[in-house]
1. Restricting attention to the range 93-117, which residues are aromatic (Phe, Trp, Tyr) and at pLDDT 95 or above?
2. Of all residues in the range 235-246, count the ones that are surrounded by 13 or more Cβ atoms within 10 Å (Cβ to Cβ) and touching a residue at least 12 places away in the same chain (Cβ under 8 Å).
3. Which ones in the range 261-276 are out of contact with any strand residue (DSSP E or B) (no Cβ under 7 Å at 6 or more places or on another chain) and surrounded by 15 or more Cβ atoms within 10 Å (Cβ to Cβ)?
4. Checking Asp122 against (1) charged (D, E, K, R); (2) in a helix (DSSP H, G or I); (3) at pLDDT below 90: exactly one of these is not met. Which one?
5. I'm checking my understanding of the structure. Among residues of the range 142-161 that are closer than 10 Å to Leu81 by Cα and more than 16 Å from the ligand (Cβ to nearest atom), which one is surrounded by the fewest Cβ atoms within 10 Å (Cβ to Cβ)?
6. Give the residues of the range 200-234 that are outside any strand (DSSP E or B), at negative phi and without any contact (Cβ under 8 Å) to a residue 40 or more places away in the chain, sorted by residue number.
7. Collect the residues in the range 248-260 that are surrounded by 14 or more Cβ atoms within 10 Å (Cβ to Cβ) and farther than 21 Å from Arg189 by Cα, keeping them in residue-number order.
8. Identify all residues within the range 88-107 that are over 22 Å from the mean Cα position of the chain (by Cα), surrounded by 15 or more Cβ atoms within 10 Å (Cβ to Cβ) and not in a helix (DSSP H, G or I); write none if there are none.
Amino acid sequence: MVSIKDLKFRYSKRQSPLFEELSFELPSGSIVGLLGKNGAGKTSLLKLMVGLLKPTEGSVRILDQQPSARQASLLQEIYFLPEEFHQPSISIRKFVKANAGFYPRFDKELLKRLLADFELPDNKQLNQFSYGQKKKFLIAFALSTKCRLLVFDEPTNGLDIPSKAIFRRVMAGSLDEDQLVIISTHQVRDVENLIDRVLMLEQGKFIMQKDLHDIASKLQFATTSTPHGENVLYHEMVPGGYKVITPQTDGSSSVDIELLFNAISNGSEKLKEYVK
Ligand SMILES: Nc1ncnc2c1ncn2[C@@H]1O[C@H](COP(=O)(O)OP(=O)(O)OP(=O)(O)O)[C@@H](O)[C@H]1O
């Protein structure tokens, strides 16, 4: 579905490249979490995938087409929810009437359900919504497009606690096997138990790209009273004890993505062989 080969990208000739020889593939049927520190290149990579930026060298192909060519046949299969957006002063009904036609499989019934799930008022203009309400509307609209590729930049920013839980639920329940969702986020707790593959970007390179079940089969995440022990690969002090990562022994734990992110970005040598 996504195939990126030897991607090189720079914003201007005066700047050094943000990406150089970046190659990866993502199949459909998964929800991918794109993680990285501020400035790592997450938004730029998303924009390259949806065709809002053009590679300097190398190729970006989505469904075997080049997104920067902006062909309608591909754009109808891609929905990008940016971190910052503008909402027009029109009602939901008018917005849907104006935009749903771009997406051949747009599911109005699904939209109705999602708007109810997110408890969005239907009697207001979109520009009168709060930031969180606008975001929830766009998430609901994006899912209803049924696009093959959904790309969300920080989708849970601005969502209240109940809405984050609804977000996880509707994401898990509204997708088809032929869709791929890429979520760039700093709010890793919001996507825990939702994503099935994690990509960690640092200075334009992936420092990890792995399926979560693969990580869970190799590593165990726990809270203990001591950071010591010959098995401990990484530890972090938390109130009341330590969070530790150890090699998997009983197959029981789920992945603590935040702890793993900290461990990898702190360059934990001991972990490297488990996540390469
Ligand atoms: N329009 C632009 N022109 C020049 N440089 C840019 C532009 N947009 C982003 N950059 C630079 O590219 C690098 C990556 O930015 P990007 O927004 O992709 O990172 P990010 O991982 O999404 O960061 P954050 O987590 O803070 O949103 C940064 O050094 C940034 O300054």
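The values are calculated or read from the model by the stated rules, or taken from the named source; none is laboratory data. None of these values were measured; they are calculated from a predicted model. Cβ sites come from the backbone with ideal geometry, for glycine too, and all protein chains shown count toward neighbours.
1. Initially, the range 93-117 is screened for residues aromatic (Phe, Trp, Tyr), giving 95, 102-103, 106.
Answer for the range 93-117, where residues must be aromatic (Phe, Trp, Tyr) and at pLDDT 95 or above: Phe102, Tyr103, Phe106.
2. Taking the range 235-246 and keeping what is surrounded by 13 or more Cβ atoms within 10 Å (Cβ to Cβ), we get 235-236, 241-246.
Now narrow it down to the ones that are touching a residue at least 12 places away in the same chain (Cβ under 8 Å): 236, 241-246.
The total comes to 7.
3. Answer for the range 261-276, where residues must be out of contact with any strand residue (DSSP E or B) (no Cβ under 7 Å at 6 or more places or on another chain) and surrounded by 15 or more Cβ atoms within 10 Å (Cβ to Cβ): there is none.
4. Against the list (1) charged (D, E, K, R); (2) in a helix (DSSP H, G or I); (3) at pLDDT below 90, Asp122 comes up short only on (2).
5. Taking the range 142-161 and keeping what is closer than 10 Å to Leu81 by Cα, we get 142, 150-155.
Going one step further and asking which of them are more than 16 Å from the ligand (Cβ to nearest atom), we end up with 142, 150.
Working: Ala142: 21, Leu150: 25.
Looking at the filtered set, the residue picked out is Ala142.
6. At the first step, the residues of the range 200-234 found to be outside any strand (DSSP E or B) are 203-204, 212-218, 225-233.
Keeping just the survivors that are at negative phi gives 212-218, 225-228, 230-233.
Correct list: His213, Asp214, Ala216, Ser217, Ser225, Thr226, Pro227, His228, Glu230, Asn231, Val232.
7. If we filter the range 248-260 for residues that are surrounded by 14 or more Cβ atoms within 10 Å (Cβ to Cβ), which is where we start, we get 248, 253, 255-260.
Gln248 - this is the single residue of the range 248-260 that is surrounded by 14 or more Cβ atoms within 10 Å (Cβ to Cβ) and farther than 21 Å from Arg189 by Cα.
8. Just the residues of the range 88-107 that are over 22 Å from the mean Cα position of the chain (by Cα), to begin with: 88-102, 104-105, 107.
The next check asks that each one be surrounded by 15 or more Cβ atoms within 10 Å (Cβ to Cβ); those that pass are 91-92, 95-96, 100, 107.
Residues satisfying the conditions are Ser91, Asp107.
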